[in-house]
1. Considering only residues that are assigned to a helix (DSSP H, G or I) and under 28 Å from residue 268 (Cβ atoms), look in region 1-13 and name the one that is farthest from the chain's Cα centre (by Cα).
2. Any idea which residue in region 209-225 is surrounded by the fewest Cβ atoms within 10 Å (Cβ to Cβ), counting only those that are of a type in the set (A, V, I, L, M) and in contact with a Gly (Cβ under 8 Å, 6 or more places away or on another chain)?
3. If you check residue 41 against the conditions, is it in contact with an Asp or Glu (Cβ under 9 Å, 6 or more places away or on another chain) and under 20 Å from residue 298 (Cβ atoms)?
4. In this structure, is residue 96 open to solvent by 10 Å² or more (accessible area, probe 1.4 Å), over 16 Å from residue 267 (Cα atoms) and assigned to a helix (DSSP H, G or I)?
5. Consider residue 43 carefully, then state whether it is open to solvent by 60 Å² or more (accessible area, probe 1.4 Å) and within 23 Å of residue 133 (Cα to Cα).
6. Residue by residue through region 46-87, note down the ones that are under 21 Å from residue 97 (Cβ atoms), within 16 Å of the chain's Cα centre (by Cα) and open to solvent by less than 50 Å² (accessible area, probe 1.4 Å).
7. Can you tell me which residues in region 14-40 are in a helix (DSSP H, G or I) and open to solvent by less than 20 Å² (accessible area, probe 1.4 Å)?
Amino acid sequence: MLLDTASLYFRAYFGVPESVKAPDGTPVNAVRGLLEFIDRLVKDHHPDALVACMDADWRPRWRVDLIPSYKAHRVAEERPEGPDAEEVPDTLSPQVPVIEAVLDALGIARVGVAGYEADDVIGTFTARAKGPVDIVTGDRDLYQLVDDARGVRVLYPLKGVGTLQVTDEAWLREKYGVDGRGYADLALLRGDPSDGLPGVPGIGEKTAAKLLAEFGDLAGIMAAVDDPKAKLTPSQRKRLDESRPYVAVAPTVVRVADDVPLPEVDTALPRGARDPEAVAALGARWGLGGSLGRLLATLGAPGT
């Protein structure tokens, strides 16, 4: 089980009231909410291995160099050295180091790699996996990794993580008319304002799905632009032709990496806290109470 950690703690932050605070009055709603999420996921799905995948760089330079608008609207501060600062709610930012410290004390593997997003870490773990993979994320970009033959699914939270949309190829075909491999091409053509991806003007989701059904993949669509016999409307042909510079670079930006240099890490689900003293101290310092206690009990339960 691979967690898109930032996606989940953002959801926890907005889903749990800010009135949930530490003894000193600091909000810990994202911390407690994420612990509740992980507890429910382990109880319901019994993973053998669990990795909290992190954004070491939420807006990698290699993506921005290809498409400068990539996530540009979410930049709080540009930094020539190192990753740009992302716009994050003031009361969420201080909770992230607490989340990291608690995960480390519990012994839940936490992996971020410089120059890469969590999506890329997830893509690489998925590519290397020898068995089924469940990816837990509120980010549809990762639908591109869905692969029935390899048992790769996306568990997309609809309400907390108690209600998860299980995304497999059948679901993708019914919703978008594509499989996992085709989803990246569909997203690239359609564009994604939330990530600053312009897409091809005039090509929405339905048109993109029709073109992919007709021509197979992005390469087939662009080959059709050069084929006067291909079934493209004049407008589609013109817009795709004019978008060649974008189409040439967008696949590298949209597709998650599968070759990230991952560190050696023990991904096995812990059967108890790695550092019980640190867990107890963090629980007391931040008032994590029942959220932390329930997760500890779940990790230690027989058959988890």
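The values are calculated or read from the model by the stated rules, or taken from the named source; none is laboratory data. Since we're looking at a predicted model, the values are computed, not measured. Cβ atoms come from the backbone with ideal geometry, glycine included; neighbour counts cover every protein chain shown. We work out accessible area using only protein heavy atoms, side chains counted, and drop any ligands, DNA or RNA first. Shrake-Rupley method; radii C 1.70, N 1.55, O 1.52, S 1.80 Å.
1. Here the answer is 12.
2. Only one residue fits best here, namely 213.
3. yes
4. Details: open to solvent by 10 Å² or more (accessible area, probe 1.4 Å): yes; over 16 Å from residue 267 (Cα atoms): yes; assigned to a helix (DSSP H, G or I): yes.
It is true that residue 96 is open to solvent by 10 Å² or more (accessible area, probe 1.4 Å), over 16 Å from residue 267 (Cα atoms) and assigned to a helix (DSSP H, G or I).
5. In short, yes.
6. 50, 51, 52, 53, 54, 56, 57, 58, 59
7. Looking only at region 14-40, we keep the residues that are in a helix (DSSP H, G or I), and these are 14-15, 29-40.
Residues satisfying the conditions are 29, 30, 31, 33, 34, 35, 38, 39.
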